[in-house]
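Structure record follows, encoded as structure tokens.
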Amino acid sequence: MKVIFISGSMRIKNLHKIVNERIDNIIKLNFDVIVGDASGVDSSIQSLLNQKEYKNVTVYCSGKEVRNNIGNWPVEKVVTGSKSNMRLFYTAKDIEMAKKCDYGYMVWDSKSTGTLSNVLELLKQGKNSLVFINKLKGSKKICNISDFEELITVMSESAFEKVDKKIQLRKKVADLKQPEMF
């Protein structure tokens, strides 16, 4: 059975009908869904899956306390040595979800650092993702670094600079472009 990692921007509270249709398709195909416990896309996806009474869901959280588990689904608690107010604390669960999934579905506001990090993590692991770009009301399949570079062209310059400062986006892209040395 396929496992889909669904993630997205915390700023997005309302899912576009295209996202709802994609979720309907995931349900129809009976895929396992793994989703985080954040507000925004995570909790909106949880609400939608709960409304549809979908059972094949696991919620991931960092640390001991789950922030949102609307459908009372099983929870995977990811242990991390990072402090709970640090980006690395929440990134730990995202990295674990990227390891466990077959494919990613991201809902992105064209600014969110976390969503871009998830797409990059999936690429690093040789996994594809489909990114719904909220401001364009369309999706982009990300299968390689060229696809990713196209994706980030929708960002404003200031959004790009903020993300680069937070996660060294330029360096990560350059690293993924380099062939591995053995």
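For region 6-41, the tally of residues that are within 19 Å of G138 (Cα to Cα) and not polar (S, T, N, Q) stands at 18. Regarding K99, is this residue without any contact (Cβ under 8 Å) to a residue 40 or more places away in the chain and either open to solvent by less than 10 Å² (accessible area, probe 1.4 Å) or within 24 Å of G63 (Cα to Cα) (or both)? Yes; evaluated as a whole, the condition is true for this residue. For W73, the conditions (1) touching a residue at least 40 places away in the same chain (Cβ under 8 Å); (2) touching a strand residue (DSSP E or B) at 6+ places or on another chain (Cβ under 8 Å) all hold with the exception of (1).
Between K140, K135, the distinction of being farther than 22 Å from K171 by Cα, of a type in the set (K, R) and touching a strand residue (DSSP E or B) at 6+ places or on another chain (Cβ under 6 Å) belongs to K140 only.
Filtered by the rule that a residue be open to solvent by less than 20 Å² (accessible area, probe 1.4 Å) and among the hydrophobic types (A, V, I, L, M, F, W, C), region 21-36 gives I23, I26, V33, I34, V35. Looking only at residues in region 1-17 that are out of contact with any Phe, Trp or Tyr (no Cβ under 6 Å at 6 or more places or on another chain) and among the charged types (D, E, K, R), the one that is nearest to L120 (Cα to Cα) is R11.
Looking at region 17-56 only, could you name the residues that are of a type in the set (G, A, S) and over 23 Å from I95 (Cβ atoms)? Walk me through it before giving the result.
Keep residues of region 17-56 that are of a type in the set (G, A, S), which gives 36, 38-40, 43-44, 47.
Scanning region 17-56 gives a single hit, S47.
No other residue among N118, N144 is out of contact with any Ser or Thr (no Cβ under 6 Å at 6 or more places or on another chain) and not aromatic (F, W, Y) apart from N144.
Checking S39, S44 one by one, the residue that is buried (at least 17 other Cβ atoms within 10 Å of the Cβ) and touching a Lys or Arg at 6+ places or on another chain (Cβ under 8 Å) is S44 and no other. Of the set (1) surrounded by fewer than 18 Cβ atoms within 10 Å (Cβ to Cβ); (2) within 14 Å of the chain's Cα centre (by Cα); (3) hydrophobic (A, V, I, L, M, F, W, C), all apply to L123 but (1).
Being crowded, with 20+ Cβ neighbours inside 10 Å and either over 19 Å from L136 (Cα atoms) or in contact (Cβ under 8 Å) with a residue 40 or more places away in the chain (or both), is that true of even one residue in region 80-91?
Residues of region 80-91 that are crowded, with 20+ Cβ neighbours inside 10 Å, as a first pass: 90-91.
Then keep just the ones that are either over 19 Å from L136 (Cα atoms) or in contact (Cβ under 8 Å) with a residue 40 or more places away in the chain (or both); that gives 90-91.
Yes, some residue in region 80-91 is crowded, with 20+ Cβ neighbours inside 10 Å and either over 19 Å from L136 (Cα atoms) or in contact (Cβ under 8 Å) with a residue 40 or more places away in the chain (or both).
Among the candidates Y90, Y60, the residue that is within 26 Å of R22 (Cβ to Cβ) and at pLDDT below 85 is uniquely Y90. Within region 128-150, the only residue that satisfies the criterion of being in a strand (DSSP E or B), in contact with a helix residue (DSSP H, G or I) (Cβ under 7 Å, 6 or more places away or on another chain) and exposed (fewer than 15 other Cβ atoms within 10 Å of the Cβ) is K141.
For region 57-64, the criterion of a residue being more than 29 Å from K171 (Cα to Cα), touching a Gly at 6+ places or on another chain (Cβ under 7 Å) and not aliphatic (A, V, I, L, M) is satisfied by no position.
The values are calculated or read from the model by the stated rules, or taken from the named source; none is laboratory data. Fair warning: this is a prediction, and the values are worked out from it, not measured in the lab. Every residue, glycine among them, receives a Cβ derived from its backbone with ideal geometry; neighbour counts consider all protein chains shown. Only protein heavy atoms, including side chains, enter the accessible area calculation; ligands, DNA and RNA are left aside. Shrake-Rupley method; radii C 1.70, N 1.55, O 1.52, S 1.80 Å.
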